[in-house]
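The values are calculated or read from the model by the stated rules, or taken from the named source; none is laboratory data. Since we're looking at a predicted model, the values are computed, not measured. Positions of Cβ are generated from backbone atoms using ideal geometry, with glycine treated the same way; all protein chains shown enter the neighbour counts. Remember, those area values only see protein heavy atoms, side chains included, never the ligands or the DNA or RNA. Shrake-Rupley method; radii C 1.70, N 1.55, O 1.52, S 1.80 Å.
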Amino acid sequence: MTTRRDFIKKTIITVAGAALPLTAFELLDPKKLFAQVAAEKTRVRWAFLIDTYKCVGCGYCVKACKLENEVPYEANATRTWVERYVLTKDGKFLADSPKGARDGYTTSKIDLGLGNYEEVKNNNIEKAYFVPKLCNQCENPPCVQVCPVGATYQAPDGVVLVDRSWCIGCGYCIMACPYGVRFFHPVHHTAEKCNYCYHRITKGMKTACVDACPFGARQIGNIKDPNDPVTKIIRTQRVAVLKSEYGTKPQAFYIGLDEEVR
Amino acid sequence: MKNHVLRPLYAVLMIVTLILAARIFLVPKDFGIQERGYMYGWHRKSNEEDWKKVSVKYQGKEYCKDCHGANYDSIAKTPHKNIQCENCHGPAIEHPSDPPKLTIDRSRQQCLRCHFPLPYPTSGRSKIRGIDPETHNPDMECSMCHNPHHPSLEGMR
């Protein structure tokens with residue numbers, strides 16, 4: 001038989017137990033602690049800054065990227081590319097990126113695909129600009145979450161890499177990326193993506209695309225360093241990221257991003 | 001319990017043991033959960049070093065300075081100063097040992113990347129002077145008249 005005293009006792013125990021947060025039961029994970037120590041030690045988190053006002057669509061970045069990272073030059077696949085957006089006075093919205101802008105934009109005709117082009121007269125342009133694209137090296141990369149074999153991962157400095165010897169080519173990551181950054185490497189037959197020229201940035205160099213850009217439209221910096229010029233701009237000026245609604249926390253920041261850019 | 005009931009169980013146990021044994025040999029020693037935890041950091045640690053070992057092809061204009069100082073200095077005085085040597089001359093890689101000679105891109109397309117007029121109001125492209133490639137000496141290389149290292153009209157060849 002339950003007495004009133006028993007009932008009150010049990011109620012208090014239950015309420016007290018339920019009030020304890022789940023975290024109180026979590027044991028210290030030595031790996032996590034070491035990771036925090038390591039992260040403090042490296043103090044590097046790569047981030048990218050793109051100024052769309054400065055981009056002229058010359059495509060030198062794409063050319064340099066393909067040659068630097070050995071992506072077959074004639075294959076219609078590239079780690080970085082430049083998009084052109086044109087809004088006409090008669091209300092048309094056009095966008096193209098022929099060959100990823102490997103050869104720049106040397107015509108006013110917009111490539112509609114399948115061999116169709118649309119000529120836009122200069123006096124019909126309401127708004128037009130170029131937007132360079134590359135991997136956002138998201139803080140929460142969905143491409144990494146879906147990899148079934150642990151072939152793609154985030155390095156401690158935030159760059160997402162692909163282990164070519166471990167990739168089975170299932171293509172989940174290519175579909176998971178909301179930015180369409182990933183593709184199959186035509187030679188290695190594994191998932192391929194921009195890695196901010198990992199072999200260059202870890203040697204203290206800039207990425208090939210940053211070096212190749214004549215107009216300073218692309219910059220790379222360490223967002224953990226408050227004195228880094230790129231970090232200063234990201235902190236103090238108006239910048240935006242692509243598709244923030246996905247919660248991926250992209251780390252490529254854009255100056256002059258427009259609503260039409262997807 | 002009779003033996004024939006247990007026999008499939010032994011077979012399954014054998015397969016599981018085989019797989020676990022094979023795993024020891026096939027999975028690299030440094031494969032596992034790294035700094036970024038299971039969700040983002042489950043990988044072979046040494047692959048990070050593999051990526052760092054990729055060879056650098058674009059060496060930057062400071063690499064050219066020592067041997068080609070005259071060209072390095074002359075272009076620095078022109079509006080073309082912000083264009084890297086390798087954008088037109090191709091990646092240096094290990095030049096002069098490999099490749100001994102670089103291939104220069106002298107095509108009209110190369111110049112038109114910037115000098116085809118696209119008056120896009122909010123883009124820097126609108127501030128660059130351009131020519132109509134259909135009417136401006138078609139079928140001639142730009143560098144036959146213009147010196148890309150001294151692009152002003154006074155530098156005409």
Q: Show the residue pairs that are 6+ apart or on different chains and have beta-carbon atoms under 8 Å apart, the first residue being within region B:44-60 and within 7 Å of chain A (Cβ to nearest Cβ), the second being among the basic types (Lys, Arg).
A: B:LYS52/A:LYS203; B:VAL56/A:ARG200; B:VAL56/A:LYS203
Q. Can you tell me which residues in region B:1-43 are within 9 Å of another protein chain (Cβ to nearest Cβ) and surrounded by fewer than 10 Cβ atoms within 10 Å (Cβ to Cβ)?
A. none
Q: For region B:89-103, indicate whether the set of residues that are at pLDDT 90 or above, open to solvent by less than 40 Å² (accessible area, probe 1.4 Å) and not in a loop (DSSP other than H, G, I, E, B) is non-empty.
A: no
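This table checks each residue for (1) assigned to a loop (DSSP other than H, G, I, E, B); (2) under 24 Å from B:HIS95 (Cβ atoms).
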position: B:GLU35; (1), (2): yes, no
position: B:MET39; (1), (2): no, no
position: B:ASN47; (1), (2): no, no
position: B:ASP50; (1), (2): no, no
position: B:VAL56; (1), (2): yes, yes
position: B:GLN59; (1), (2): yes, yes
position: B:CYS64; (1), (2): no, yes
position: B:TYR72; (1), (2): no, yes
position: B:LYS77; (1), (2): yes, no
Q: Mind listing just one residue for me: the one in region A:177-220 that is outside any loop (DSSP other than H, G, I, E, B) and closer than 23 Å to A:LEU257 by Cβ and, of those, nearest to the other protein chains (Cβ to nearest Cβ)?
A: A:ALA212
(Q) So for region B:102-112 (the condition being over 28 Å from A:GLU68 (Cα atoms) and not aromatic (Phe, Trp, Tyr)), does at least one residue qualify? (A) no
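Go through region A:65-84 and give me each residue that's more than 24 Å from A:GLU260 (Cβ to Cβ), touching a Pro at 6+ places or on another chain (Cβ under 9 Å) and surrounded by 14 or more Cβ atoms within 10 Å (Cβ to Cβ). Spell out the reasoning first.
First, pick out the residues of region A:65-84 that are more than 24 Å from A:GLU260 (Cβ to Cβ): A:65-75, A:77.
If we keep only those that are touching a Pro at 6+ places or on another chain (Cβ under 9 Å) as well, we get A:66-68, A:71-72, A:75, A:77.
Scanning region A:65-84 gives A:LYS66, A:LEU67, A:GLU68, A:VAL71, A:ALA75, A:ALA77.
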Q | Pair list, Cβ < 7 Å and 6+ apart or interchain, from region B:130-141 residues that are outside the structural domain of B:LEU112 (by TED's automatic domain parsing) to residues that are among the hydrophobic types (A, V, I, L, M, F, W, C) and assigned to a loop (DSSP other than H, G, I, E, B) | A | none
